[in-house]
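Asks: After the structure tokens below, expect a handful of questions from me.
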Amino acid sequence: MKTETTIQGLTASLSPARSSRKSIGFIPTMGNLHQGHLNLVREARKLCDVVVVSIFVNPIQFGPNEDFDNYPRTLEQDRHLLAEVGCDIVFAPSVEQMYGKQPRLTNISVSDITNDLCGLQRPGHFDGVAVVVTKLFNIVQPNFAFFGQKDYQQLAVIKQLVRDLNMAIEVIGVPIARAEDGLALSSRNGYLSEQDRQTAPVIYKSLKTAEHDLQAGQALSEVLAQIRASLTDAGLVIDYVEARSPMLQKVDQFDQDVVLFVAAKLGKTRLIDNLQVKHSA
Ligand code: AMP
């Protein structure tokens, strides 16, 4: 496995694959890798000849009071894990390598679906994601790109971006990897105190209860209220608990498949999760 820290180095490393028309699979990450990230790499390994993983903590997708400075950076450990799951190239550029010294004057904004859920709580976040993913796509020029359903709204934004701008990339969504107690794996789980880590699985439990209650015929508004009550009782501070269609449209009843979304703070740590609930007509 190679590690490249410059765009030039990465381009040189990918050149033989490109000239022999090998398929390139790409997984953008911010590092501090766990089984959720590694599942994306495993999927890419199954489908693609060459697998590239980027590790880049992207400053422009963090708000002024968010955790950019403290975000866990564990490159050596990440490299070992990636080698074990068959990654071919790690791209770990510096901020300067990605953004250069000149000011950036171009922005990329996906409208509508970003004015909701995490977009309301984190203004500018999805613009920052759209810019860095577009830059990484242009640098890596992959055939396939893999994103986790954990960040469901992000996945929808990237799919929209790729469609709207005719990027020749197939975007593949990969299911959420969870700990045994149901907590969705996240690099931010490491911020949780031992006690908060014991509490955190209430998010997934309340989503699973909601799924059961919806499928048993309970009204959507009541089910959402129950999730909110369970989270608040457990000591979480809710950002949002919402239901949307799979395409992120507002829904007021359970008459089609829905996705239940939670964002909540436990101590200082913001956790997100979601669950797709089937409506079997
Ligand atoms: P991040 O490093 O948090 O930017 O995540 C990089 C990629 O890994 C994104 O596509 C995430 O959606 C995905 N990812 C993170 N956690 C999980 C998880 N628990 N299950 C599946 N995918 C995940």
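Asks: Inside region 92-112, can you point out the residues that are open to solvent by 30 Å² or more (accessible area, probe 1.4 Å), hydrophobic (A, V, I, L, M, F, W, C) and in a loop (DSSP other than H, G, I, E, B)?
Replies: Hits for region 92-112 are L105, I108.
Asks: Go through region 29-54 and report how many residues are more than 13 Å from the ligand (Cβ to nearest atom) and assigned to a loop (DSSP other than H, G, I, E, B).
Replies: 2
Asks: Can you tell me which residue among D112, D181, D196 is among the charged types (D, E, K, R) and within 16 Å of the ligand (Cβ to nearest atom)?
Replies: After ruling out the rest, the residue left standing is D181.
Asks: Which residue pairs have Cβ atoms under 8 Å apart, sit 6 or more places apart or on different chains, and have a first residue in region 247-266 that is within 16 Å of Y152 (Cβ to Cβ) and a second that is acidic (D, E) and in a strand (DSSP E or B)?
Replies: Hits for this filter: L260/E242; F261/E242; F261/D273; V262/D273; A263/D239; A264/D239.
Asks: Is it the case, given these coordinates, that F62 is within 15 Å of the ligand (Cβ to nearest atom), aromatic (F, W, Y), within 30 Å of L271 (Cβ to Cβ) and out of contact with any strand residue (DSSP E or B) (no Cβ under 6 Å at 6 or more places or on another chain)?
Replies: Yes: the conditions hold for F62.
Asks: Let me ask something else. Among the residues of region 19-28, count how many are open to solvent by 10 Å² or more (accessible area, probe 1.4 Å) and either more than 10 Å from the ligand (Cβ to nearest atom) or among the small types (G, A, S) (or both).
Replies: 5
Asks: From (1) touching a residue at least 12 places away in the same chain (Cβ under 8 Å); (2) under 24 Å from G119 (Cα atoms), pick out the condition that doesn't hold for A225.
Replies: A225 satisfies every listed condition except (1).
Asks: Look through region 60-75, keep the residues that are under 13 Å from H125 (Cα atoms) and without any contact (Cβ under 8 Å) to a residue 60 or more places away in the chain, and return whichever of them is surrounded by the most Cβ atoms within 10 Å (Cβ to Cβ).
Replies: Top of the filtered list is F68.
Asks: Still on this structure, please answer the following. Listed residues D151, D127; which is within 14 Å of the ligand (Cβ to nearest atom), open to solvent by 10 Å² or more (accessible area, probe 1.4 Å), in a helix (DSSP H, G or I) and among the acidic types (D, E)?
Replies: D151
Asks: Do we find that K135 is open to solvent by 40 Å² or more (accessible area, probe 1.4 Å), touching a residue at least 60 places away in the same chain (Cβ under 8 Å) and away from the ligand (no atom under 12 Å from the Cβ) in this structure?
Replies: For K135, the condition - open to solvent by 40 Å² or more (accessible area, probe 1.4 Å), touching a residue at least 60 places away in the same chain (Cβ under 8 Å) and away from the ligand (no atom under 12 Å from the Cβ) - is not met.
Asks: On the given criteria, is E180 surrounded by fewer than 14 Cβ atoms within 10 Å (Cβ to Cβ) and charged (D, E, K, R)?
Replies: yes
The values are calculated or read from the model by the stated rules, or taken from the named source; none is laboratory data. It should be emphasised that the depicted structure is a prediction, and the values quoted were computed from it without experimental measurement. Note that we place each Cβ from the backbone using ideal geometry, even for glycine, and neighbour counts take in every protein chain shown. Only protein heavy atoms, including side chains, enter the accessible area calculation; ligands, DNA and RNA are left aside. Shrake-Rupley method; radii C 1.70, N 1.55, O 1.52, S 1.80 Å.
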